[in-house]
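A.B. asks: One structure is given below, represented as structure tokens, and several questions about it will come after.
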Amino acid sequence: MSHVGIIRISTGIRELDEALEGGIPKGSWVAITGEPGTGKSIMCMHYAWAGLLAGDPVVYVTTEAEFRDIVRQAKMFSMDFESYKVLDISSKQEAVETPDIVVIDIFGLLKIARQMSEQSQMQQESVKKKRYAALDIQTLIMAIHEAYRVLGVLRDEKAKSPYKHVRLIIDSLSAFWADKPAMARKYSYDLKIATHRENVTAYLVSQYAMTTRSTFGFGLEHIADGVFHLWIDDVESTHEVKRYMIIKKMRMTNHRKTAFKLDIVPGKGITLIS
Ligand SMILES: Nc1ncnc2c1ncn2[C@@H]1O[C@H](COP(=O)(O)OP(=O)(O)O)[C@@H](O)[C@H]1O
Ligand SMILES: [Mg+2]
């Protein structure tokens, strides 16, 4: 079914792969948008798990939850991340073996921010001292680069692009512009310029602000190659949690145009119903 020359990357959700003619075109930047509780984080877990099964190195940025909780939640859906080599970027030890998955949580970002501040002070002692913040796009870019280094996917110190296909997950990006939503578009753009590569297929979660019915800052959707949008029916009228997802956009492929009903099944995770 898939077109010549386009490599497909599995989402880890069978029905979604089928709806995308085999998967996400390699190198895409996919925004996952939706209100709280719609299934965005679980969708990320499926994507990471599919990566581990496929032998793809995974970079997992988590700003909303500790990775420990992600591991616990994923286990409920029969995905055991601990059966793979997990390295937390904030850990003090250098990895003895090449990890399968590198985790960047708030502590990892703090560590990278501290390193960047120290470096900038050393380089320009008499000039301005720059202090980087943990939830800063430049810090995130550095942390992702460090994750690539640890995963051994860069040919040398100066390389910017992985030579091997990597899955990048950022859950969520909204945290980086929570206090300055007007900057969402610029920050998304900066991040894309710095990390968008042929060999990187990314999931970027964006919170949906219920009050305004627009994505937080509304920047990500403009620069994304694909958008998976998730929502819940108004619970006050339906008296039930009814979830849906739609492929709102996906570049370089034909795809299903109608919404799926989305269920989160114990022991299994997300299933999509036509
Ligand atoms: N073990 C489980 N079995 C079934 N459903 C679950 C289980 N664990 C969590 N859920 C469902 O998943 C929802 C959370 O999904 P999540 O992906 O974290 O949402 P989001 O990231 O969009 O806020 C919960 O509200 C709950 O309904
Ligand atoms: Mg979440």
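The values are calculated or read from the model by the stated rules, or taken from the named source; none is laboratory data. Source: prediction; values computed, not measured. Positions of Cβ are backbone-derived with ideal geometry, glycine not excepted, and every protein chain shown enters the neighbour counts.
A.B. asks: What's the number of the only condition in (1) buried (at least 21 other Cβ atoms within 10 Å of the Cβ); (2) away from ligand 1 (no atom under 16 Å from the Cβ); (3) farther than 22 Å from residue 244 by Cβ that residue 61 fails to meet?
C.D. replies: Condition not satisfied by residue 61: (2).
A.B. asks: Given the structure, is residue 164 part of a loop (DSSP other than H, G, I, E, B) and at pLDDT 90 or above?
C.D. replies: Against the criterion (part of a loop (DSSP other than H, G, I, E, B) and at pLDDT 90 or above), residue 164 qualifies.
A.B. asks: Moving on. Does residue 22 satisfy the criteria of being closer than 23 Å to residue 164 by Cβ, in a loop (DSSP other than H, G, I, E, B) and more than 14 Å from ligand 2 (Cβ to nearest atom)?
C.D. replies: It is true that residue 22 is closer than 23 Å to residue 164 by Cβ, in a loop (DSSP other than H, G, I, E, B) and more than 14 Å from ligand 2 (Cβ to nearest atom).
A.B. asks: Related question: Which one is modelled with the lowest pLDDT, of the residues in region 81-119 that are hydroxyl-bearing (Ser, Thr, Tyr) and in a loop (DSSP other than H, G, I, E, B)?
C.D. replies: Residue satisfying both the conditions and the ranking: 91.
A.B. asks: Restricting attention to region 8-22, does a residue exist that is surrounded by 21 or more Cβ atoms within 10 Å (Cβ to Cβ), closer than 23 Å to residue 143 by Cα and within 16 Å of ligand 1 (Cβ to nearest atom)?
C.D. replies: no
A.B. asks: Still on this model: Sort through 41, 78 and tell me the only one that's within 12 Å of ligand 1 (Cβ to nearest atom), at pLDDT 95 or above and assigned to a helix (DSSP H, G or I).
C.D. replies: 41
A.B. asks: Among (1) within 16 Å of ligand 2 (Cβ to nearest atom); (2) in contact (Cβ under 8 Å) with a residue 24 or more places away in the chain; (3) β-branched (Val, Ile, Thr), which single condition is residue 71 missing?
C.D. replies: (2)
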